[in-house]
Amino acid sequence: MMSTVSVPPNKLVIKAIRSSGPGGQNVNKVNTCVEIRFVVDKADWLPEDARRRLKEQQFNRMNKKSGEMILQCQEERTQTLNKKRALVKLQEIVDLALIEPKERNAWNGISEQTKQRRKDQKRYKSQQNKSGRISKDDW
């Protein structure tokens, strides 16, 4: 079951910093890049299992020492649009972390006869692909 958690902006550290890359003089003068930070372990608005999955899924955005997640957005020309886009991006990341992974069942207890039958079918299909149509007597 997936629950929905909205990201509370008052629990985040939101800073405006200078953008990098091309953009002429505007880049050098205006703080349009938005950076969102929060410590995942102290995010009481997230369930414990979602925090664990968030750390696993977004390890490349995590500060190794403090466990702080850092998200930057500098796609737009204005600080306001970058802030909106960054919050939407963070909400999508949190929504992904809230999804519980499905439990996969491996094939256990397959008999030797079934294993041999599967190998024979694979060999037959392989022969079919190599040389076109073959009869059942050929394998």
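Translational diffusion of the range 9-98 was estimated from the Stokes-Einstein equation, with Rh taken as the Kirkwood radius over Cα pairs; at 10 °C and 1.306 mPa s the coefficient is 115 µm²/s. Rounded to the nearest Hz, the phi-derived 3J(HN,Hα) couplings of the range 66-78 under the Karplus curve 6.51 cos²θ - 1.76 cosθ + 1.60 (θ = phi - 60°) are 9, x, 8, 8, 10, 10, 10, 9, 9, 7, 9, 8, 10, where x marks glycine and proline. Dividing the mean sequence gap of close Cα pairs (under 8 Å, 6+ apart) by how many residues the range 9-98 holds gives a relative contact order of 30 percent.
When you filter the trypsin sites (Lys or Arg not before Pro) in the range 6-77 for DSSP loop state and at most 14 other Cβ atoms inside 10 Å of their Cβ, you are left with R18, K64, K65, R77. A DSSP coil position with no more than 15 other Cβ atoms inside 10 Å describes the following GluC sites (Glu not before Pro) in the range 37-115: E75, E103. Calculated mean residue ellipticity, 222 nm, the chain: -12500 deg cm²/dmol, from DSSP H runs (n ≥ 4) at -39500 (n - 2.57) each, averaged per residue and rounded to 500. The lysines whose alpha-carbon is closer than 28 Å to the alpha-carbon of K119, local same-chain residues fewer than 8 away aside, are K130, K136. Note on the range 1-111: with charges restricted to the Cβ of Lys and Arg (+1) and Asp and Glu (-1), its dipole about the Cα centre is near 500 debye.
Mind checking which of T78, T114, T32 has the largest fluctuation in a GNM of the chain, springs on alpha carbons under 10 Å? Judging by the Gaussian network model, the answer is T114. Cross-linked pairs K15/K65; K55/K89; K42/K83: Cα-Cα separations exceed 18 Å for K15/K65; K42/K83.
Read the figures in this text as sums done on the coordinates, not as results from a lab. Quick caveat: nothing in here was measured; it's all calculated off a predicted structure. Here Cβ is always computed from backbone atoms with ideal geometry, including for glycine, and neighbour counts include all displayed protein chains.
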